[in-house]
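Right, I'll just put the structure down here and ask away after.
The values are calculated or read from the model by the stated rules, or taken from the named source; none is laboratory data. All of these numbers come straight from a predicted model, not from anything done at the bench. Glycine gets a Cβ as well: all are built from the backbone with ideal geometry, and neighbour counts include every protein chain shown. When the accessible area is computed, the model is the full protein with side chains, heavy atoms only, and any ligands, DNA or RNA have been set aside. Shrake-Rupley method; radii C 1.70, N 1.55, O 1.52, S 1.80 Å.
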Amino acid sequence: CWLEVALCVGDSASTPLRSRALVQVGDGDVHGTAEDPMVLSDVFVRAYAERSAAQPATCETMLWVRAHHVIIDHAWLWRADHDAVGHLTARENPVDHALEVDGDHVTAYGLFAEHALADLTQWRGEDGQVFFYQSELPYDAAPPAWPYAGYNVSAARHAAAGVGVYSYFFAPVTVRDGVVAANRSGFVQPFTRKLDGGGTIEHVINGVGGRVSA
């Protein structure tokens, strides 16, 4: 299946509407199984509103997985960082997280998470697996220190291969870790990358790995 969800707010309202999640999978009671998992293929979720809109696009999370045994086969979760006029700044289109996972046995292949204003991904479900993750921290992160991560796993059992966290800050912002994990033993080749702009990512994961700056 193919799904695109856009939160675009027009000029008719003056009070921002804040959604808990633009896309929610499961409700904590409905789940897939190991033999018959739920499958999400080619899911594109974006939070964006025209600059002329009376209120910004706003939500807590773009994709929230609350079911067990889910397969995510390619997802792009994007808080808009630019429009036809130029880059968006000053916390326009405020979104906390690109992805939250509370279900167990969730597997993702090709996961893209960009520009959310807190932890881009929060993964709490056990026995998750991720194969290729690309993320870009928010351009408009506020200096001096951005207290979040591109990938944050609080689960005890998690495996991830090829987790990349990129930065392009407008201001001299410092991020301690690109990746934070309760148990980093399941991570294979996580990395950080500075694209341009100011600031630094001090470490790759849990205080380990060198700084990326200029």
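Pick the calculated Cα Rg over 2.2 N^0.38 Å for this structure from [x] 1.00; [y] 0.92; [z] 1.25?
[x]
Once you have a ≥ b ≥ c as the square roots of the Cα gyration tensor eigenvalues for segment 93-165, tell me rounded if a/c is under 1.5, and otherwise prolate or oblate according to whether a/b is larger than b/c.
Prolate.
Same structure, new question: Could you pull out every residue, at least 5 positions away or on a different chain, whose amide H is within less than 5 Å of the one on Gly128? Hs are placed 1.01 Å off N in the peptide plane, and Pro or chain starts have none.
Amide H neighbours of Gly128: His105, Val106, Ala159.
Amide H to amide H under 5 Å from Ala145: which residues, 5+ apart in sequence or cross-chain, H placed 1.01 Å off N in plane?
Result for Ala145 returns Thr174.
Have a look at Thr200, Thr107, Thr89 and tell me which one the Gaussian network model of the chain (Cα, springs below 10 Å) gives the largest fluctuation.
Thr89
Under a 10 Å cutoff between Cα atoms, tell me which one of Gln129, Gln189, Gln24 has the largest fluctuation in the Gaussian network model of the chain.
Comparing Gln129, Gln189, Gln24 in the GNM, the peak value goes to Gln189.
Considering the dipole of segment 36-178 built from charges on the beta carbon (Lys and Arg +1, Asp and Glu -1) around the Cα centre, which of Tyr48, His69, Tyr109 is farthest to its positive end?
Tyr48
Per-residue HN-Hα couplings for segment 194-207, Karplus 6.51 cos²θ - 1.76 cosθ + 1.60 at θ = phi - 60°, whole Hz, x for Gly and Pro?
Values per residue, Gly and Pro as x: 9, 7, 5, x, x, x, 8, 10, 6, 9, 7, 8, 6, x Hz.
I'd like to know which of Val85, Leu99, Phe191 lies farthest towards the positive end of the charge dipole of the chain, counting +1 on Cβ of Lys and Arg and -1 on Cβ of Asp and Glu.
Comparing the listed Cα positions along the dipole, Phe191 ranks first.
Of the heavy-atom accessible surface of the chain (probe 1.4 angstrom), what whole percent is carbon and sulfur?
Of all accessible area on the chain, carbon and sulfur atoms account for 53 percent.
If you place +1 on the Cβ of every Lys and Arg, -1 on the Cβ of every Asp and Glu, and leave all else neutral, what size is the dipole of segment 121-196 about its Cα centre, to the nearest 20 Debye?
Charge dipole of segment 121-196: 180 debye, to the nearest 20.
What is the extension gain from Ala171 to Ser185, computed as 0.36 nm multiplied by their sequence separation minus the C-alpha to C-alpha distance, in nm to one decimal?
The span from Ala171 to Ser185 would gain 1.7 nm if fully extended.
Leaving out ligands and nucleic acids, and using a 1.4 Å probe, what accessible area per residue does the chain come to in Å²?
Ligands and nucleic acids excluded, the figure is 44 Å² per residue.
Read phi for every residue in segment 120-134 and hand back ³J(HN,Hα) as whole Hz from Karplus 6.51 cos²θ - 1.76 cosθ + 1.60, θ = phi - 60°, with x for Gly and Pro.
For segment 120-134, the Karplus-derived couplings read 4, 10, 10, 10, 10, x, 7, 6, x, 9, 9, 10, 6, 9, 10 Hz, x marking Gly and Pro.
Whole-Hz ³J(HN,Hα) for each residue in segment 174-183, computed from phi via Karplus 6.51 cos²θ - 1.76 cosθ + 1.60 with θ = phi - 60°, x for glycine and proline: what do you get?
Working through the residues one at a time gives 10, 10, 5, 9, x, 10, 10, 9, 5, 9 Hz.
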